[in-house]
1. Could you grab me the full set of residues in region 140-166 that are over 19 Å from ASN83 (Cα atoms) and not in a helix (DSSP H, G or I)?
2. Any residue in region 156-168 that is under 19 Å from HIS189 (Cβ atoms) and under 19 Å from the mean Cα position of the chain (by Cα)?
3. Against the conditions (1) part of a helix (DSSP H, G or I); (2) more than 24 Å from GLY73 (Cα to Cα); (3) touching a residue at least 40 places away in the same chain (Cβ under 8 Å), where does TRP109 fall short? Just the number, please.
4. Given the conditions (1) under 23 Å from GLY73 (Cα atoms); (2) in contact with a helix residue (DSSP H, G or I) (Cβ under 8 Å, 6 or more places away or on another chain), which single one is not true for TYR150?
5. Which members of region 106-146 meet the condition of being modelled with pLDDT of 95 or more, over 18 Å from TRP185 (Cα atoms) and hydrophobic (A, V, I, L, M, F, W, C)?
6. Please enumerate the residues belonging to region 78-133 that are among the β-branched types (Val, Ile, Thr) and over 21 Å from PRO200 (Cα atoms).
7. Looking at (1) free of Cβ contacts under 8 Å to residues at least 40 places away in the same chain; (2) under 19 Å from TYR192 (Cα atoms), find the lone condition where LEU167 falls short.
8. With respect to SER197, is the statement that it is farther than 25 Å from SER74 by Cβ and either without any contact (Cβ under 8 Å) to a residue 40 or more places away in the chain or not aromatic (Phe, Trp, Tyr) (or both) true?
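The values are calculated or read from the model by the stated rules, or taken from the named source; none is laboratory data. On a predicted model such as this, the values are computed, not experimentally measured, just so you know. Cβ atoms come from the backbone with ideal geometry, glycine included; neighbour counts cover every protein chain shown.
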Amino acid sequence: MRARRGIRPLAALATLAVAGMLATISLVPAAPVPSVFAAGEDTVSPPEGQTIEVADGVAAQEVSQESYTAATGSQTLIAGGTNVDWAKLVLIDGDWPVTEENVTFMMRWMRQENGADNWFNRNNPLNNGQGSGGGSGLGSYATLVDAAYYAAENLKSGRYPAVDAALVAGTSADATAQAIWASPWASSHYGYGTHWSSRPYEVIEAPAEAWGR
């Protein structure tokens with residue numbers, strides 16, 4: 001009987017020791033699991049300090065930088081059919097920036113050549129002799145699309161470097177106007193500005209057949 005009473009204190013001590021260990025374990029906070037998601041992102045990124053190696057045979061994919069702005073823009077302008085559209089088409093054909101100042105210059109220039117209401121006269125808004133069959137600028141083109149192409153070609157021919165440079169800058173309609181006045185485009189030189197209007201321009205549509213539509 002005494003031997004049985006001696007075992008009970010030992011068992012009690014063992015039970016208390018196990019309970020203490022469990023309590024200690026439960027009190028230790030769990031280590032945080034590193035997150036591989038950045039705030040506000042839904043893609044996985046490696047934890048800090050971790051690197052990713054790519055096999056030598058794997059080539060990086062190149063992203064095409066080709067632009068279709070000119071082609072798409074041209075078709076949109078042809079469909080629009082106005083004098084503003086034609087002015088922008090010349091700028092696109094000449095690879096000049098389509099800025100507000102460049103468009104304003106083109107619109108004023110077209111108005112001085114053929115007037116506003118009849119800007120599409122002979123499908124030759126700038127009375128351009130190149131490619132129109134009329135060296136004096138009185139020739140005609142099959143369509144306004146052709147006229148835009150030849151206008152840009154003539155301006156970039158090297159005969160009008162100051163005009164080309166001003167259009168490349170695209171920052172001043174007045175500066176480009178002064179360049180065209182001083183050029184051999186018109187024998188009158190537009191009176192060096194006295195025969196040049198800076199009033200607001202009107203947006204006028206040309207007949208569909210003038211565009212070849």
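1. LYS156, SER157, GLY158, ARG159, TYR160
2. Within region 156-168, one or more residues are under 19 Å from HIS189 (Cβ atoms) and under 19 Å from the mean Cα position of the chain (by Cα).
3. (2)
4. Going through (1) under 23 Å from GLY73 (Cα atoms); (2) in contact with a helix residue (DSSP H, G or I) (Cβ under 8 Å, 6 or more places away or on another chain) one by one, TYR150 breaks only (2).
5. If the condition is that a residue be modelled with pLDDT of 95 or more, over 18 Å from TRP185 (Cα atoms) and hydrophobic (A, V, I, L, M, F, W, C), then PHE120, ALA142, LEU144, VAL145 are the ones that fit.
6. Of the residues in region 78-133, the ones among the β-branched types (Val, Ile, Thr) are 78, 82, 84, 90, 92, 98-99, 103-104.
Across region 78-133, the qualifying residues are ILE78, ILE92.
7. (1)
8. On the way: farther than 25 Å from SER74 by Cβ: yes; either without any contact (Cβ under 8 Å) to a residue 40 or more places away in the chain or not aromatic (Phe, Trp, Tyr) (or both): yes.
When the stated conditions are applied, SER197 passes them.
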